[in-house]
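In what follows, a single structure is set out as structure tokens and then discussed.
The values are calculated or read from the model by the stated rules, or taken from the named source; none is laboratory data. All of these numbers come straight from a predicted model, not from anything done at the bench. Reconstructed Cβ throughout: ideal geometry from the backbone, glycine too, with neighbour counts over all protein chains shown. Side chains are part of the model used for accessible areas, which takes the heavy atoms of the whole protein and leaves out ligands, DNA and RNA. Shrake-Rupley method; radii C 1.70, N 1.55, O 1.52, S 1.80 Å.
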Amino acid sequence: MSNITVCVRFRPLSPKEKEADGGAICVQGLDSESFFFKAEKEEELAFCFDKVFYQDAEQADVFRYLAMPVVQDTLNGINGTIVTYGQTGAGKTYSMEGPSISESDGQKKGLLPRVVDNLFEHIKCSEETTKCTVKISMVEIYMEKVRDLFDLSKDNLQIKENRTQGIFLSGVTEVTILDPEEALRCLSRGISNRAVGETQMNMTSSRSHCVYTFLVQQESLKDDWSRTGKLVLVDLAGSEKVEKSGAEGRNLDEAKTINKSLSALGNVINALTTGKVNHIPYRDSKLTRILQDALGGNSRTALLCCCSPSSSNASESLSTIRFGTRTKRIKAPLRAPALPTQATPFQHRRSAYDGILEKLRK
Ligand code: ADP
Ligand code: MG
């Protein structure tokens, strides 16, 4: 059964949000796992997750809690997926890359450069006993087409499956990386290619999913073993609702395709976690099909639900949080029959506080 960690991250208010509603916020942190949330016209709700990161959370904390265990598992030959979910502007790319992929302020570095550092630290420590190869590929999924971000001429990659490789993208460019600096150069080339393609297709990055894959192959120099782990990081397209963006025509098609693939992702994770393993609907979208062997089987998944703390974005944030709770419920049967993250209304903040948390954590 798939093992999943779900965390929520609230970024700081943006300058624009500071002006809207006088900078009103819709979230009140209780502790590092739970918070109260007030959406417009809704009751105040209490939520509990594996971890909640508030506006002053360090990038290093997010990495340590969310990503490090997944990287460790990859090194042990267990596939892993790290996904950022949320409306456009909620902090997905900031969490994934940092302010930029080549950010020089070490504190602000995002998950990707930290994953790279962590992988190469491990390689260095074990180089006397293990030969390790890291290959990176980077693709973008837009309107159900998969584009190679290391070679823009490959703009419609096909997903295939075989016994030795599992799920793979036929013909995708895989770059063998020898050190962290090379990895970062490679990733920033992919990121700037993404921008080139966006201009060509008249699209913004918020409308496509970006998938970073690290294939880590290890071979013992002393004993007779070898193992391969695949680590996939996904910066998802914005989850905002169609109505809000007032989309029509092509934008509407885009929004529908995005909604379909995000629901497919939720459905797959849900099917995995509720143990309905007879039919897992991986084939419902390119995204879930690509992630098939990094989500299902012997794997570990970490989901970061990125939210604005502003009351002006409360309904989108609530829908992101609910995606997280739906995903998380998967795990519930393993621990308790119901609701580690189910929303619980409360009237009497003080007196209800302990009881609610106790219930949510069961
Ligand atoms: P998304 O990728 O979800 O559309 P971004 O990651 O691009 O959103 O974030 C939108 C803006 O908010 C960017 O200017 C980014 O620098 C800023 N931002 C997001 N998260 C944080 C954070 N945790 N701390 C500081 N600034 C942030
Ligand atoms: Mg983004």
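Details
- Strands (runs of 3 or more DSSP E) contained entirely in the stretch 106-185, each with at least 1 residues that are more than 19 Å from residue 235 (Cα to Cα): 130-142, 158-162, 166-170, 175-177
- Residue 213, sole failed condition from (1) closer than 20 Å to residue 166 by Cβ; (2) open to solvent by less than 10 Å² (accessible area, probe 1.4 Å); (3) touching a Ser or Thr at 6+ places or on another chain (Cβ under 6 Å): (2)
- Filter result for residue 157 (more than 30 Å from residue 128 (Cβ to Cβ), buried (at least 21 other Cβ atoms within 10 Å of the Cβ) and either over 23 Å from the mean Cα position of the chain (by Cα) or away from ligand 2 (no atom under 16 Å from the Cβ) (or both)): yes
- Looking only at the stretch 1-34, and only at residues there that are in a strand (DSSP E or B) and more than 28 Å from residue 274 (Cα to Cα), the one that is farthest from ligand 1 (Cβ to nearest atom): 28
- Among the residues making up the stretch 70-104, a single one is among the aromatic types (Phe, Trp, Tyr) and either within 9 Å of ligand 2 (Cβ to nearest atom) or part of a loop (DSSP other than H, G, I, E, B) (or both): 94.
- Meets criteria (surrounded by fewer than 16 Cβ atoms within 10 Å (Cβ to Cβ) and either within 13 Å of ligand 1 (Cβ to nearest atom) or within 13 Å of the chain's Cα centre (by Cα) (or both)) for residue 87: no
- Qualifying residues in the stretch 91-101 (those that are under 15 Å from residue 138 (Cβ atoms) and in contact with a Leu (Cβ under 9 Å, 6 or more places away or on another chain)) - the one farthest from ligand 1 (Cβ to nearest atom): 101
- Restricting 293, 253 to residues that are of a type in the set (D, E, K, R), closer than 21 Å to residue 69 by Cβ and assigned to a helix (DSSP H, G or I) narrows the list to 293.
- Counted residues, the stretch 236-262 - those being surrounded by fewer than 17 Cβ atoms within 10 Å (Cβ to Cβ), in contact with an Asp or Glu (Cβ under 8 Å, 6 or more places away or on another chain) and at pLDDT 80 or above: 2
- When the residues of the stretch 35-69 are filtered to those that are touching a strand residue (DSSP E or B) at 6+ places or on another chain (Cβ under 9 Å), within 12 Å of ligand 1 (Cβ to nearest atom) and not in a strand (DSSP E or B), the one that is most open to solvent (accessible area, probe 1.4 Å) is 55.
- Scanning the stretch 102-126 for residues that are within 12 Å of ligand 1 (Cβ to nearest atom) and not basic (Lys, Arg), we see that the one that is modelled with the lowest pLDDT is 103.
- Within the stretch 290-315, being at pLDDT 90 or above and open to solvent by 30 Å² or more (accessible area, probe 1.4 Å) holds for 292, 300, 311, 312, 315.
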